[in-house]
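This report refers to the structure that appears directly beneath it.
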Amino acid sequence: MPRTNDEVARLLDELAVLTEIAEGDPNAFRVRAYQNAHRAVLGLDRDAGEMSEADLARVKGLGKSTAAKIREYVQTGTIAKLEELRAAHPRGQRDLLKVPGLGAKTVGLLQATLGITDLPGLQAAIDDGRLAGLPGMGAKTVENLAAAIGKLGLTSKDRRVPIADAMSVAERTVAVLAHVPGVVDAAYAGSLRRFRETIGDLDLLVATDDPEPVRTTFLALDEVDRVIGSGETKTSVVTRDGLQIDLRVVPPGSFGAAMVYFTGSKAHNIRLRQRALDRGLTLNEYALAHHDDTAEVIASVTEEDVYAALGLPWITPELREDDGEIEAATAGQLPDLPTLADIRGDLHVHTDLSGDGHEPLERMVAALVDRGRDYVGITDHAENLTINGVSRAAMEAQRLRLRELEQRRGDVRLLHGAELNIGVDGSLDYDPAFLATFDWLVASVHSHFGRSVAEQTARVVAAIREPSVTAIGHLTGRMVGRRPGIELDVEQVLDAAAETGTAIEINASLHRLDAPATVVREGLARGACFVISTDSHRIGDLDRMRFGVAQARRAGASKDAIVNTLDADRFLAWIDAVRGA
Ligand code: DGT
Ligand code: CA
Ligand code: CA
Ligand code: ZN
């Protein structure tokens with residue numbers, strides 16, 4: 001996506017959030033307008049920076065007023081309305097809005113009545129009883145808020161940021177820094193590169209012999225809220241969203257050693273350093289060198305060089321947790337991990353037939369083929385999901401359209417599927433006879449998150465045992481850093497999946513990354529198989545397949561445990577086997 005679109009989308013999102021707080025209503029007309037505009041820009045296949053105001057206003061989802069704001073940004077680098085809202089609403093208010101149970105209206109009320117504009121302020125008001133004194137704040141409500149804050153760990157000093165938030169900042173910033181004159185390489189390192197679900201702070205590395213323009217560009221970023229410290233080679237800042245970024249500038253000759261060092265983990269580094277010492281070498285962020293007076297450099301330019309000089313194959317960052325990867329690498333037993341290029345199909349895709357999908361079937365399929373998919377499972381929501389679901393008749397009509405499209409295109413296998421809703425009792429949509437007519441069925445939990453382990457396990461296992469179901473979507477229903485998932489007896493669920501052959505989805509949305517890597521790892525040990533899917537609702541979502549792949553790599557999954565690395569014929573044969581055909 002062009003950088004301008006990316007930046008404009010971010011600003012529209014910020015406008016939506018701040019307007020929601022200002023108007024005290026998530027459904028206010030202007031809030032909706034900004035949200036629609038945000039989505040429209042994400043879906044744009046042209047550079048917004050090169051479109052006239054009239055062109056912009058003609059895009060579906062963009063109104064006249066947002067079109068004018070986009071032009072204002074392109075021409076002046078800022079949006080007056082946004083600056084005004086930023087001035088009126090302290091940064092901490094956005095954190096308040098993230099607390100489940102706290103709406104925009106209450107956030108406004110907290111500011112107006114108690115002067116509360118951030119989480120520590122809210123926590124204090126809970127502790128000293130002021131909050132309970134507000135109209136509409138029953139004891140139960142206060143108790144729920146306190147529990148929600150505690151669960152999210154939002155107030156602690158070592159608060160962590162969900163990977164989705166850190167990734168978008170990191171990718172944008174790296175793209176900007178990579179274009180600074182003189183820069184040879186730019187990348188993110190640290191826990192984000194290891195693909196942890198939550199990030200303490202963001203670590204960026206830039207290779208150049210000329211650090212000054214890098215520092216200047218970095219400090220001028222719109223997202224930078226305050227500077228913690230800035231020197232020749234290291235600058236630390238905090239963004240408007242409260243994320244700390246550590247930027248380090250290294251000479252190009254040290255980039256590999258620096259990437260190893262700052263990617264970590266600390267535990268992995270300690271093992272590498274010990275290995276170096278055992279060989280009479282020292283390893284630091286500049287180089288792997290002889291541990292003697294000569295200090296002769298053995299390796300420093302690439303990560304591969306450093307690992308090779310330590311007698312190891314390159315170890316993928318997702319595995320660098322000192323969790324057995326060094327032993328496996330030493331023994332030549334690292335798993336044959338999947339890469340994005342290995343992915344042949346995407347098996348969880350919505351079209352505008354689902355209430356929450358945005359693109360017609362034909363456009364979605366064309367975009368999937370553009371991304372190299374040989375087969376696709378179209379999985380709109382089935383009828384039990386009341387707001388977004390689809391009747392049997394609508395499904396049948398879509399099936400005809402899909403068969404016709406497959407014939408007409410001839411370059412992709414189209415599987416007619418659905419995303420079923422797993423009811424609280426394990427029941428599914430439609431009836432077993434109709435379910436058997438689908439090519440592919442994903443079954444997922446969308447509600448009743450608070451039930452007991454026994455109830456949740458029983459409902460998911462029931463779905464796994466339904467013969468027509470081929471995969472379980474977003475297993476726990478969690479939202480990273482926002483909503484805990486359902487509590488499951490994971491072993492029992494994974495054993496049932498292994499026994500029936502039903503695949504467990506690795507949902508590639510950074511907000512979900514579900515099943516979690518620890519669960520995938522456990523599933524691999526128990527012989528379950530997995531499918532990496534994007535759960536796309538718009539074309540832009542299709543590109544998150546790479547995150548699902550990273551999640552599989554973090555779990556140590558080998559290619560042969562991921563069914564959508566199979567070619568189309570073998571994949572279809574696998575489905576027949578699962579369904580006992
Ligand atoms: P985070 O930020 O808490 O999500 O986790 P990391 O892993 O990004 O940790 P961070 O930002 O403190 O440091 C980035 C990397 O730098 C870390 O993974 C390994 C390396 N590093 C930092 N401090 C040390 C240290 O004292 N010893 C060693 N060997 N490596 C360190
Ligand atoms: Ca970090
Ligand atoms: Ca750091
Ligand atoms: Zn879905």
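The values are calculated or read from the model by the stated rules, or taken from the named source; none is laboratory data. Everything numeric in this text was worked out from a predicted model, so none of it was measured. Cβ sites come from the backbone with ideal geometry, for glycine too, and all protein chains shown count toward neighbours.
Based on what the data block shows, is F449 of a type outside the set (V, I, T), at pLDDT below 95, in contact with a helix residue (DSSP H, G or I) (Cβ under 9 Å, 6 or more places away or on another chain) and more than 16 Å from ligand 3 (Cβ to nearest atom)? Please lay out each step first, then the result.
Working: of a type outside the set (V, I, T): yes; at pLDDT below 95: yes; in contact with a helix residue (DSSP H, G or I) (Cβ under 9 Å, 6 or more places away or on another chain): yes; more than 16 Å from ligand 3 (Cβ to nearest atom): yes.
The answer is yes for F449.
Step by step: first the residues of the range 190-221, then only those that are touching a residue at least 24 places away in the same chain (Cβ under 8 Å) and exposed (fewer than 15 other Cβ atoms within 10 Å of the Cβ), then the one that is nearest to ligand 4 (Cβ to nearest atom). Which residue is that?
Filtering the range 190-221 down to residues touching a residue at least 24 places away in the same chain (Cβ under 8 Å) leaves 190-211, 213-215, 217-218, 221.
Next, from what is left, pick out any that are exposed (fewer than 15 other Cβ atoms within 10 Å of the Cβ): 209-210, 213.
On the way: D209: 48, D210: 47, P213: 44 Å.
Top of the filtered list is P213.
Keeping to the range 100-127, report how many residues are assigned to a helix (DSSP H, G or I), out of contact with any Ser or Thr (no Cβ under 7 Å at 6 or more places or on another chain) and surrounded by 16 or more Cβ atoms within 10 Å (Cβ to Cβ). Explain how you work it out, then say what you get.
As a first pass, look at the range 100-127 and keep what is assigned to a helix (DSSP H, G or I): 104-114, 119-127.
Still in the list and also out of contact with any Ser or Thr (no Cβ under 7 Å at 6 or more places or on another chain): 104-110, 112-114, 121-122, 124-127.
Filter once more, keeping what is surrounded by 16 or more Cβ atoms within 10 Å (Cβ to Cβ): 104, 106-110, 114, 121-122, 125-126.
Number of matching residues: 11.
Does E14 qualify as being surrounded by fewer than 18 Cβ atoms within 10 Å (Cβ to Cβ) and either of a type outside the set (F, W, Y) or under 27 Å from V176 (Cα atoms) (or both)?
Taking the combined requirement at face value, the residue does not satisfy it.
If I go through the range 54-90 residue by residue, how many of them are closer than 30 Å to R544 by Cα and surrounded by 13 or more Cβ atoms within 10 Å (Cβ to Cβ)?
So in the range 54-90, the residues closer than 30 Å to R544 by Cα come out as 55-63, 66-67, 69-71, 73-74, 77-79, 82.
When the remaining residues are screened for being surrounded by 13 or more Cβ atoms within 10 Å (Cβ to Cβ), the result is 55-57, 59, 61-63, 66-67, 69-71, 73-74, 79, 82.
Looking only at that region, the number is 16.
Which numbered condition in (1) over 22 Å from E14 (Cα atoms); (2) within 16 Å of ligand 2 (Cβ to nearest atom); (3) surrounded by fewer than 16 Cβ atoms within 10 Å (Cβ to Cβ) is the only one that A187 fails?
Of the numbered conditions (1) over 22 Å from E14 (Cα atoms); (2) within 16 Å of ligand 2 (Cβ to nearest atom); (3) surrounded by fewer than 16 Cβ atoms within 10 Å (Cβ to Cβ), the odd one out for A187 is (3).
Could you list, ordered by first residue, the pairs with Cβ atoms under 7 Å in which the first is in the range 30-42 and touching a residue at least 24 places away in the same chain (Cβ under 8 Å) and within 9 Å of L12 (Cα to Cα) and the second is outside any helix (DSSP H, G or I) and of a type in the set (A, V, I, L, M), at least 6 apart or interchain?
Partner pairs satisfying both residue conditions: A37/L62.
May I ask you to list pairs of residues, at least six apart or on different chains, whose Cβ atoms are under 8 Å apart, with the first in the range 321-348 being closer than 27 Å to A443 by Cα and the second being in a helix (DSSP H, G or I) and aromatic (F, W, Y)?
What qualifies is R344/F571; G345/F571.
If I ask for residues that are crowded, with 24+ Cβ neighbours inside 10 Å and β-branched (V, I, T), which ones from the range 535-561 would you list?
The answer is V549, and nothing else.
Scan the range 230-263 for residues that are away from ligand 3 (no atom under 13 Å from the Cβ), at pLDDT 95 or above and of a type in the set (S, T, Y) and jot them down.
If the condition is that a residue be away from ligand 3 (no atom under 13 Å from the Cβ), at pLDDT 95 or above and of a type in the set (S, T, Y), then S230, S254 are the ones that fit.
Looking at D336, D356, D352, can you tell me which residue is surrounded by fewer than 23 Cβ atoms within 10 Å (Cβ to Cβ), in a loop (DSSP other than H, G, I, E, B) and within 20 Å of the chain's Cα centre (by Cα)?
On the way: D336 fails: within 20 Å of the chain's Cα centre (by Cα); D352 fails: within 20 Å of the chain's Cα centre (by Cα).
Of D336, D356, D352, the one residue that is surrounded by fewer than 23 Cβ atoms within 10 Å (Cβ to Cβ), in a loop (DSSP other than H, G, I, E, B) and within 20 Å of the chain's Cα centre (by Cα) is D356.
Need a quick list: helices (runs of 4 or more DSSP H) entirely within the range 389-480 having at least 2 residues that are touching a Leu at 6+ places or on another chain (Cβ under 8 Å) and surrounded by 14 or more Cβ atoms within 10 Å (Cβ to Cβ). First the steps, then the outcome.
Details: elements: 392-409, 432-435, 453-465.
Filter on the range 389-480 gives 392-409, 453-465.
So D489 fits all but one of (1) touching a Gly at 6+ places or on another chain (Cβ under 7 Å); (2) farther than 26 Å from R344 by Cα; what number is the exception?
If we test D489 against (1) touching a Gly at 6+ places or on another chain (Cβ under 7 Å); (2) farther than 26 Å from R344 by Cα, just (1) comes out false.
Among what's in the range 359-378 and is touching a residue at least 12 places away in the same chain (Cβ under 8 Å) and of a type in the set (A, V, I, L, M), pick the residue that is surrounded by the fewest Cβ atoms within 10 Å (Cβ to Cβ).
Once the filter is applied, the top-ranked residue is V369.
Filter the range 292-329 for residues that are surrounded by 14 or more Cβ atoms within 10 Å (Cβ to Cβ), in a loop (DSSP other than H, G, I, E, B) and small (G, A, S) and give the result.
Selection gives S300 alone.
So which residues in the range 148-173 are at pLDDT 85 or above and either surrounded by fewer than 17 Cβ atoms within 10 Å (Cβ to Cβ) or of a type outside the set (A, V, I, L, M, F, W, C) (or both)? Walk me through it before giving the result.
We begin by selecting, within the range 148-173, every residue at pLDDT 85 or above; these are 160-173.
Those that are at pLDDT 85 or above and either surrounded by fewer than 17 Cβ atoms within 10 Å (Cβ to Cβ) or of a type outside the set (A, V, I, L, M, F, W, C) (or both): R160, P162, D165, S168, E171, R172, T173.
Just the residues that are more than 13 Å from Y73 (Cβ to Cβ), among the small types (G, A, S) and without any contact (Cβ under 8 Å) to a residue 60 or more places away in the chain, please, taken from the range 1-29.
Scanning the range 1-29 gives A16, A28.
So, in the range 219-242, of the ones that are touching a strand residue (DSSP E or B) at 6+ places or on another chain (Cβ under 7 Å) and within 16 Å of ligand 2 (Cβ to nearest atom), which residue ends up nearest to M479 (Cα to Cα)?
Within the range 219-242, the subset touching a strand residue (DSSP E or B) at 6+ places or on another chain (Cβ under 7 Å) is 219, 223-229, 233-240.
If we keep only those that are within 16 Å of ligand 2 (Cβ to nearest atom) as well, we get 228-229, 234-239.
Working: I228: 31, G229: 33, K234: 33, T235: 32, S236: 29, V237: 27, V238: 24, T239: 22 Å.
The qualifying residue nearest to M479 (Cα to Cα) is T239.
Which fully enclosed helices (runs of 4 or more DSSP H) of the range 486-581 have 2 or more residues being out of contact with any strand residue (DSSP E or B) (no Cβ under 6 Å at 6 or more places or on another chain) and within 30 Å of D411 (Cβ to Cβ)?
On the way: elements: 490-500, 517-525, 545-554, 568-578.
Of the helices (runs of 4 or more DSSP H) lying wholly inside the range 486-581, those with at least 2 residues that are out of contact with any strand residue (DSSP E or B) (no Cβ under 6 Å at 6 or more places or on another chain) and within 30 Å of D411 (Cβ to Cβ) span 545-554, 568-578.
Considering only residues that are touching a residue at least 60 places away in the same chain (Cβ under 8 Å) and more than 16 Å from ligand 2 (Cβ to nearest atom), which ones fall in the range 480-508?
Within the range 480-508, the subset touching a residue at least 60 places away in the same chain (Cβ under 8 Å) is 480-484, 500-503, 505, 507.
Listed by number, the residues that qualify are V480, R482, R483, P484, T500, G501, T502, A503, E505, N507.
Hey, among the residues in the range 176-196 that are over 20 Å from A550 (Cα atoms) and not in a strand (DSSP E or B), which one's farthest from ligand 3 (Cβ to nearest atom)? Break it down stepwise before answering.
Looking only at the range 176-196, we keep the residues that are over 20 Å from A550 (Cα atoms), and these are 176-185.
Checking which are not in a strand (DSSP E or B) leaves us with 176-182.
Working: V176: 19, L177: 16, A178: 20, H179: 23, V180: 21, P181: 26, G182: 24 Å.
Out of the qualifying residues, it is P181.
Would a scan of the range 274-291 turn up a residue that is within 16 Å of ligand 3 (Cβ to nearest atom) and outside any strand (DSSP E or B)?
Quick first cut of the range 274-291, residues within 16 Å of ligand 3 (Cβ to nearest atom) only: 285.
Now restrict to residues that are outside any strand (DSSP E or B): 285.
Yes, there is a match, as at least one residue in the range 274-291 is within 16 Å of ligand 3 (Cβ to nearest atom) and outside any strand (DSSP E or B).
Would you kindly identify the helices (runs of 4 or more DSSP H) lying entirely within the range 3-65 that contain at least 1 residues that are within 23 Å of L221 (Cα to Cα)?
Values: elements: 3-23, 29-42, 53-58.
Hits in the range 3-65: 3-23, 29-42.
Quick check on my filter: what residues within the range 348-374 are modelled with pLDDT of 95 or more and within 22 Å of D514 (Cα to Cα)?
Once the filter is applied, which keeps residues that are modelled with pLDDT of 95 or more and within 22 Å of D514 (Cα to Cα), the range 348-374 yields H348, V349, H350, T351, L368, R373.
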